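Enquirer: I am attaching a structure below and will ask some questions about it afterwards.
The values are calculated or read from the model by the stated rules, or taken from the named source; none is laboratory data. Everything numeric here is computed off the predicted structure, so don't read it as measured data. Ideal geometry is used to build each Cβ from the backbone, glycine not excepted, and the neighbour counts take in all protein chains shown.
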Amino acid sequence: MKKKETEVLREKFWEKYTLDQLNSSEWEALCDGCGKCCLVKLEDEDKIFLTNIACTQIDLRNCKCQNYDKRTKLVKNCMSLTKKNLKINLKWLPYTCSYKLVSDKKSLPPWHHLITKDRDTVHQLGFSIKNNCIHETKVEEKNMRSYIIAEIGT
């Protein structure tokens, strides 16, 4: 099997190109690593609620998926964000999500690693789920509503 070559990150690609124009390396680099997309969401009629319950696959010490390549097979409701499904998944994403911001032609936040050149800034400034949530395995389904932290606009 041939190893995939890493594509070059173009200078300030997030300001110059639409999401559809990004290469695969740029698409992956756009993620700020906050882990918020890995929080459990609950739906109730027309409302979506965000909880502080994290997916079982995320490492809460660094907010990275422990099985990134297999995540959609391992986790029933895993949100694998792609160019094709972005529009339907925008409602699930936090307002600080880089994909949502670039889609809306807004600037990346000043703490984003593409601005600071430091992937830890998102954690240091408290914009990630690191140290702010509980793993899904530690919460009984009947108690999940107790962990709601916000209503997401639909």
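Enquirer: Looking at segment 37-61, which of its residues are closer than 20 Å to VAL122 by Cα and either out of contact with any strand residue (DSSP E or B) (no Cβ under 8 Å at 6 or more places or on another chain) or assigned to a helix (DSSP H, G or I) (or both)?
Expert: CYS37, CYS38, ARG61 - these are the residues of segment 37-61 that are closer than 20 Å to VAL122 by Cα and either out of contact with any strand residue (DSSP E or B) (no Cβ under 8 Å at 6 or more places or on another chain) or assigned to a helix (DSSP H, G or I) (or both).
Enquirer: Considering only residues of segment 121-133 that are of a type in the set (A, V, I, L, M, F, W, C) and within 14 Å of ASP59 (Cβ to Cβ), which is nearest to the chain's Cα centre (by Cα)? Working first, answer last.
Expert: Taking segment 121-133 first, the residues of a type in the set (A, V, I, L, M, F, W, C) are 122, 125, 127, 129, 133.
If we keep only those that are within 14 Å of ASP59 (Cβ to Cβ) as well, we get 129, 133.
Numbers: ILE129: 10, CYS133: 15 Å.
Among them, the one singled out is ILE129.
Enquirer: Taking segment 17-55 on its own, how many of its residues are surrounded by fewer than 14 Cβ atoms within 10 Å (Cβ to Cβ), at pLDDT 90 or above and out of contact with any Lys or Arg (no Cβ under 7 Å at 6 or more places or on another chain)?
Expert: First pass over segment 17-55, keeping only residues surrounded by fewer than 14 Cβ atoms within 10 Å (Cβ to Cβ): 18, 20-21, 24, 28, 43-47.
Going one step further and asking which of them are at pLDDT 90 or above, we end up with 18, 20-21, 24, 28.
Add one more test, that the residue is out of contact with any Lys or Arg (no Cβ under 7 Å at 6 or more places or on another chain), and what stays is 18, 21, 24, 28.
So the count comes out to 4.
Enquirer: Among the residues of segment 55-91, which ones are in contact with a helix residue (DSSP H, G or I) (Cβ under 9 Å, 6 or more places away or on another chain) and either hydroxyl-bearing (Ser, Thr, Tyr) or under 20 Å from THR18 (Cα atoms) (or both)?
Expert: Of everything in segment 55-91, those that are in contact with a helix residue (DSSP H, G or I) (Cβ under 9 Å, 6 or more places away or on another chain) and either hydroxyl-bearing (Ser, Thr, Tyr) or under 20 Å from THR18 (Cα atoms) (or both) turn out to be THR56, SER80, LEU81, THR82, LYS83, LEU86, LYS87, ASN89, LEU90.
Enquirer: Specify which of the listed residues (LEU90, LEU101) is in a helix (DSSP H, G or I), on the phi < 0 side of the Ramachandran plot, modelled with pLDDT of 90 or more and not aromatic (Phe, Trp, Tyr). Outline the logic, then answer.
Expert: Details: LEU90 fails: modelled with pLDDT of 90 or more.
Going through LEU90, LEU101 in turn, just one is in a helix (DSSP H, G or I), on the phi < 0 side of the Ramachandran plot, modelled with pLDDT of 90 or more and not aromatic (Phe, Trp, Tyr): LEU101.
Enquirer: Does CYS31 satisfy the condition of being touching a Ser or Thr at 6+ places or on another chain (Cβ under 7 Å) and not aromatic (Phe, Trp, Tyr)? Before the answer, list the steps.
Expert: Numbers: touching a Ser or Thr at 6+ places or on another chain (Cβ under 7 Å): yes; not aromatic (Phe, Trp, Tyr): yes.
Considered against the rule, which asks whether it is touching a Ser or Thr at 6+ places or on another chain (Cβ under 7 Å) and not aromatic (Phe, Trp, Tyr), CYS31 comes out as yes.
Enquirer: For the list (1) part of a loop (DSSP other than H, G, I, E, B); (2) of a type outside the set (Asp, Glu); (3) crowded, with 17+ Cβ neighbours inside 10 Å, I need the number of the one condition that LEU114 fails.
Expert: (1)
Enquirer: Within segment 121-142, is even one residue within 22 Å of SER25 (Cβ to Cβ), touching a residue at least 12 places away in the same chain (Cβ under 8 Å), surrounded by fewer than 17 Cβ atoms within 10 Å (Cβ to Cβ) and out of contact with any Lys or Arg (no Cβ under 7 Å at 6 or more places or on another chain)?
Expert: Within segment 121-142, none of the residues are within 22 Å of SER25 (Cβ to Cβ), touching a residue at least 12 places away in the same chain (Cβ under 8 Å), surrounded by fewer than 17 Cβ atoms within 10 Å (Cβ to Cβ) and out of contact with any Lys or Arg (no Cβ under 7 Å at 6 or more places or on another chain).
Enquirer: Can you tell me which residues in segment 21-36 are in contact (Cβ under 8 Å) with a residue 12 or more places away in the chain and either charged (D, E, K, R) or part of a helix (DSSP H, G or I) (or both)?
Expert: SER24, SER25, GLU26, TRP27, ALA29, LEU30, ASP32, LYS36
Enquirer: Give segment 75-87 a look and list any residue that's surrounded by 13 or more Cβ atoms within 10 Å (Cβ to Cβ) and assigned to a helix (DSSP H, G or I), or say none. Full working, then the answer.
Expert: Of all residues in segment 75-87, those surrounded by 13 or more Cβ atoms within 10 Å (Cβ to Cβ) come to 75, 78-79, 81, 83, 86.
Scanning segment 75-87 gives a single hit, LEU86.
Enquirer: Taking THR72 and the conditions (1) assigned to a loop (DSSP other than H, G, I, E, B); (2) surrounded by fewer than 16 Cβ atoms within 10 Å (Cβ to Cβ); (3) among the β-branched types (Val, Ile, Thr), which numbered condition does it fall short on, given that it satisfies the others?
Expert: Evaluating THR72 over (1) assigned to a loop (DSSP other than H, G, I, E, B); (2) surrounded by fewer than 16 Cβ atoms within 10 Å (Cβ to Cβ); (3) among the β-branched types (Val, Ile, Thr) leaves (1) as the failure.
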